[in-house]
Amino acid sequence: MQLRAILRASAYGKAAIMFPMIASVEELRSAKKVLQQAKDQLRAENIPFDDQIAVGIMVETPAAVQLSDLLAKESDFFSIGTNDLIQYTTATDRMNENVQYLYDTCSMAVLRSVNMVCQNAAKYGVPVNMCGEAASDATVIPLWVAMGLAELLSLIHISAPTRPEPISYA
């Protein structure tokens with residue numbers, strides 16, 4: 001249902017489909033088969049969509065990092081999801097204060113993982129972006145750019161102004 005909705009929206013503007021938590025080439029191929037079925041259904045119903053919609057993956061597992069050369073052959077883009085990738089690479093629960101110190105953007109394993117993904121993607125002309133907390137870490141942004149990341153996607157946390165207490169007219 002969600003794939004059909006994204007495909008339908010693609011007729012009215014630029015859209016892309018990103019599959020999360022991909023851990024094997026077979027899993028990506030299976031997801032793309034489901035996407036093809038959604039395209040076939042829409043085509044049979046004469047519903048317009050962008051048949052060339054970009055299809056990529058979220059690289060957030062160590063398995064996807066290790067297979068990034070193979071996954072790049074089957075993807076239009078990569079997005080490195082750093083929150084999960086760091087957590088899975090360092091075997092750390094970032095919400096658990098007992099092991100939180102192990103959750104490190106600058107862990108050599110994490111840096112090498114990001115670099116591997118960027119190098120493998122570049123071989124096949126696949127653009128790579130990054131999302132998650134590491135994308136907004138100013139201390140490593142120059143490194144991300146040097147590795148070849150095309151975009152850094154970050155949420156800026158802005159506190160809303162507090163509302164004054166209601167005035168009582170009694």
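The values are calculated or read from the model by the stated rules, or taken from the named source; none is laboratory data. Given the structure is predicted, the values throughout are model-derived calculations rather than measurements. In this analysis, Cβ positions are derived from the backbone assuming ideal geometry, glycine residues included, and neighbour counts consider all displayed protein chains. Ligands, DNA and RNA are stripped out before the accessible areas are found, and what is left, the full protein with its side chains, is counted by its heavy atoms. Shrake-Rupley method; radii C 1.70, N 1.55, O 1.52, S 1.80 Å.
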(request) Look through the stretch 73-120, keep the residues that are at pLDDT 95 or above, among the acidic types (Asp, Glu) and not in a helix (DSSP H, G or I), and return whichever of them is nearest to the chain's Cα centre (by Cα). (result) Asp76
(request) Among residues belonging to the stretch 121-144 that are of a type in the set (Val, Ile, Thr) and at pLDDT below 95, point out the one that is farthest from the chain's Cα centre (by Cα). (result) Thr139
(request) Could you tell me which residue of the stretch 8-45 is nearest to Leu71 (Cα to Cα), considering only residues that are part of a strand (DSSP E or B) and either open to solvent by less than 20 Å² (accessible area, probe 1.4 Å) or among the aliphatic types (A, V, I, L, M) (or both)? (result) Met18
(request) Could you identify the single residue in Glu97, Glu133 that is open to solvent by 30 Å² or more (accessible area, probe 1.4 Å) and more than 21 Å from Ser154 (Cβ to Cβ)? (result) Glu97
(request) Using the structure shown, decide if Gln87 is without any contact (Cβ under 8 Å) to a residue 40 or more places away in the chain and open to solvent by 50 Å² or more (accessible area, probe 1.4 Å). (result) no
(message) For the structure I just gave you, tell me whether Asp69 is closer than 22 Å to Ala146 by Cα and assigned to a helix (DSSP H, G or I).
(response) yes
(request) Return a yes/no flag: does the stretch 48-59 have any residue that is touching a residue at least 12 places away in the same chain (Cβ under 8 Å), within 19 Å of Ile22 (Cα to Cα) and surrounded by fewer than 16 Cβ atoms within 10 Å (Cβ to Cβ). (result) yes
(message) Out of the residues in the stretch 136-153 meeting the condition of being assigned to a helix (DSSP H, G or I) and of a type in the set (A, V, I, L, M, F, W, C), tell me which one is surrounded by the most Cβ atoms within 10 Å (Cβ to Cβ).
(response) Trp144
